[in-house]
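Everything on this sheet refers to the single structure shown next.
The values are calculated or read from the model by the stated rules, or taken from the named source; none is laboratory data. As the structure is a computational prediction, the values presented were derived from the model and not from experiment. For neighbour counting, all protein chains shown are included, and Cβ atoms are generated from backbone atoms with ideal geometry for every residue, glycine included.
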Amino acid sequence: MLIQRYEIFLKTSARTDMIDLTGQVQEKLDKSEITNGILLVFVPGATASLTTIEYESGVLNDLARAIERLAPEGINYEHDLRWGDGNGYSHVRAALLKPSLSVPVIDGRLTLGTWQQIVLLDFDNRPRERRILIQVIGEGN
């Protein structure tokens with residue numbers, strides 16, 4: 001059993017950035033030499049999450065609108081009253097969508113659907129530098 005760890009660093013702008021990580025994650029998997037197992041992607045922090053979705057402008061816009069309906073930006077959040085940073089909505093959004101994602105690895109490839117990509121969602125109300133952790137566990141050559 002092999003375990004390999006990697007990191008990706010990226011800069012985000014603010015307010016529901018959606019960034020396709022699939023290619024970068026596959027590059028890390030290729031370096032790992034693991035052919036069969038599981039790949040975990042995790043974003044540390046309370047205002048970002050990971051998901052899979054078709055990375056296409058129409059569905060990305062649909063997702064952004066759905067997230068806005070679930071946890072609207074323009075309402076009062078107790079977090080904002082306590083801390084005054086105005087990003088209570090981003091914490092709620094991240095909690096609903098979760099900080100990690102697991103993907104099976106078969107024959108050295110991410111087992112994703114044809115139209116499925118790994119996407120970082122950064123909800124914070126200010127630019128951030130995000131660290132994405134990748135851990136690959138499984139059998140190698």
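Just wondering, is there one or more residues in segment 2-20 that are loosely packed, with under 13 Cβ neighbours inside 10 Å, under 14 Å from residue 133 (Cα atoms), touching a residue at least 12 places away in the same chain (Cβ under 8 Å) and of a type in the set (A, V, I, L, M)? Scanning segment 2-20, I find at least one residue that is loosely packed, with under 13 Cβ neighbours inside 10 Å, under 14 Å from residue 133 (Cα atoms), touching a residue at least 12 places away in the same chain (Cβ under 8 Å) and of a type in the set (A, V, I, L, M), so the answer is yes. Across segment 79-96, the qualifying residues are those that are in contact with a helix residue (DSSP H, G or I) (Cβ under 7 Å, 6 or more places away or on another chain) and of a type in the set (D, E, K, R), and the one among them that is nearest to residue 44 (Cα to Cα) is 93. Inspect all residues belonging to segment 97-119 and state whether any of them is of a type in the set (S, T, N, Q) and touching a helix residue (DSSP H, G or I) at 6+ places or on another chain (Cβ under 6 Å). Yes. Only residues that are of a type in the set (A, V, I, L, M), farther than 21 Å from residue 128 by Cα and not in a helix (DSSP H, G or I) were counted across segment 45-73, and they come to 1. One residue stands out among those in segment 85-141 that are more than 14 Å from the chain's Cα centre (by Cα) and among the aromatic types (Phe, Trp, Tyr): the one that is surrounded by the most Cβ atoms within 10 Å (Cβ to Cβ), which is 89. Please determine whether any residue of segment 82-98 is touching a Leu at 6+ places or on another chain (Cβ under 9 Å), among the hydroxyl-bearing types (Ser, Thr, Tyr) and at negative phi. No; the residues of segment 82-98 include none that is touching a Leu at 6+ places or on another chain (Cβ under 9 Å), among the hydroxyl-bearing types (Ser, Thr, Tyr) and at negative phi. Close Cβ contacts (under 6 Å, 6 or more residues apart or on different chains) running from residues in segment 60-79 that are within 16 Å of residue 95 (Cα to Cα) to residues that are modelled with pLDDT under 95 and surrounded by 11 or more Cβ atoms within 10 Å (Cβ to Cβ) comprise 64/16.
I'd like the full set of residues that are of a type in the set (S, T, N, Q) and in a helix (DSSP H, G or I), limited to segment 1-29. Hits for segment 1-29 are 22, 24, 26. If you go through segment 120-141 and keep only what is of a type in the set (Asp, Glu) and touching a helix residue (DSSP H, G or I) at 6+ places or on another chain (Cβ under 9 Å), you end up with 122, 124. The set of residues in segment 1-59 being under 27 Å from residue 89 (Cβ atoms), at pLDDT below 95 and more than 12 Å from the chain's Cα centre (by Cα) consists of 13, 14, 15. If you go through segment 79-125 and pick out every residue that is of a type in the set (Asp, Glu), outside any strand (DSSP E or B) and either in contact with a Gly (Cβ under 6 Å, 6 or more places away or on another chain) or modelled with pLDDT of 95 or more (or both), you end up with 3.
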